[in-house]
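See structure below.
Quick note: the coordinates plus some simple rules give every number you see, no bench work behind them. Fair warning: this is a prediction, and the values are worked out from it, not measured in the lab. FYI the Cβ positions are ideal-geometry reconstructions off the backbone, even for glycines, and counts take in every protein chain you see.
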Amino acid sequence: MSRTAVLGSGSWGTTFAAVLAEAGHDVVLWTRRAEIAQEITTQHTNTAYVPGVTLPDAVTATTELAEALDGAVLVAVAVPAQSARSILAPARGLVPEGAVVLSLMKGIELASDQRMSQVLAEVLDVPAERVAVLSGPNLSQEIAEHQPTATVIAAMDEGLARQVSTMCATASFRPYTNTDLVGVELCGAAKNVIAIGIGIAQGRGYGDNTTATIITRGLAEITRLGLALGAEAETFMGLAGMGDLVATCDSPLSRNHRLGRHIGEGMSVEDAVAATGGTAEGVKTSASVLDLAGRVGVEMPITQSVVAVLHHGASVDLMGDLLMSRPHKADGV
């Protein structure tokens, strides 16, 4: 058995720790909460984040970063994207030489507009070519229930992507590989913003026509941004693009979708965040995605309207107004 580490004991980190264990690895899960570490190690449950799920015996937990990272050949990171730099700073220099760092996070850092793979390479002081990314339609509750799921492992090197893919493949979890890090990470971050827009629209009572319109035009604006940043067009049609967008935009299991629906139904942003629970990455990432688009001169009207509602107090009806008032043009990107 290989020794692996997962940093972050939320629903996704805990679920992925179970995936690694089911793939045949010993897993040490790092958490900042002593009571969660004790529960995982002694009872093999994490009732705060994955209620009703029994974790494999190969999953243990600790509050000590050095203990979690010691001897790990794979280090998966599942902490909140906007807090990753500060949370992981104490781990600098502790990642074993030659270990692969795998980002499970989906976001663009606010202060720098960096993708999460770039943040991890910098804060953990590991070579960028040793950082991989996992993204796709990965609703953690369904994975914990062993429902069939496919995902994407992206890395600069195809061989590294295949290595990580093999390490986390199970009977119900099927990884595909990709070398388009920019496209895969951008899809993972931006789809959360579109999902908030879908939730807002559905909270206002709009139906399937509106949902299909926002998903389709949302994919178009994500693709425009990706191409401007050097991503490959094919990525946006695959699991990391359309696949993740569909799952996140129209599932009640998606926190970003639920948050948007709360806002569409009349809640303030603050109340919606509290009612949603957990981390809805799209709230903060929306601003960084729009900033990135502005830097490269790409129009993102759905993202712009979501930012206006979330951060500038705009009416929830703004999104529909913006979409309907856009210049007439040909369909497509």
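Using θ = phi - 60° and the Karplus curve 6.51 cos²θ - 1.76 cosθ + 1.60, what whole-Hz ³J(HN,Hα) does each residue of the stretch 246-257 get, with Gly and Pro shown as x?
Result, rounded to whole Hz: 5, 4, 6, 6, 10, 10, x, 7, 7, 5, 5, 5.
Note down the magnitude of the dipole of the stretch 69-217 about its Cα centre, charges +1 on Lys and Arg C-beta and -1 on Asp and Glu C-beta and zero elsewhere, to the nearest 20 debye.
380 debye
Please check: in the Gaussian network model of the chain (C-alpha springs, under 10 Å), which one of T248, T223, T213 has the largest mean-square fluctuation.
T213
Express in whole angstrom the spacing between the alpha-carbon centres of the stretch 151-214 and the stretch 84-98.
If you average the Cα positions of each part, the centres end up 25 Å apart.
For a quick protection proxy, order the peptides 107-120, 12-25, 63-76 by their average other-Cβ count within 10 Å, most packed first.
Order by mean packing, descending: 12-25, 107-120, 63-76.
Could you compute the net charge surrounding A34? Neighbours are other residues with a C-beta less than 15 Å from the C-beta of A34; K and R count +1, D and E count -1.
Result for the neighbourhood of A34: -2.
Suppose we look only past 20 Å in the calculated P(r) of the stretch 61-215. What percent of the Cα-Cα pairs does that tail hold?
54 percent
Given only helices, namely DSSP H runs of n ≥ 4 each adding -39500 (n - 2.57), what is the per-residue ellipticity at 222 nm of the chain, to the nearest 500 deg cm²/dmol?
Rounded to the nearest 500, the figure is -14000 deg cm²/dmol.
How far is helix 282-296 tilted off the main Cα axis of the chain, in degrees rounded to 10, range 0 to 90?
Once rounded, one gets 70 degrees.
Please report Rg (one decimal) and Dmax (integer) in Å for the Cα set of the stretch 182-324.
In Å, with Rg to one decimal and Dmax whole: 13.6, 39.
Check which residues have an amide H placed less than 5 Å from L74's amide H, if you skip close sequence neighbours.
Residues meeting the amide H criterion: A5, V100.
Suppose every K and R has +1 on its Cβ and every D and E has -1 on its Cβ; what is the size of the dipole of the stretch 65-144 about the Cα centre, in Debye to the nearest 20?
Dipole magnitude for the stretch 65-144 comes out near 160 debye.
What number do you get for the chain when its Cα radius of gyration is normalised by 2.2 N^0.38 Å, N = residues?
Cα Rg divided by the expected 2.2 N^0.38 Å: 0.96.
Using the Cα centre of the stretch 182-324 as the reference point, and only Cβ charges (+1 on K/R, -1 on D/E), how large is the resulting charge dipole? Debye, rounded to the nearest 20.
Dipole of the stretch 182-324, to the nearest 20 debye: 80 debye.
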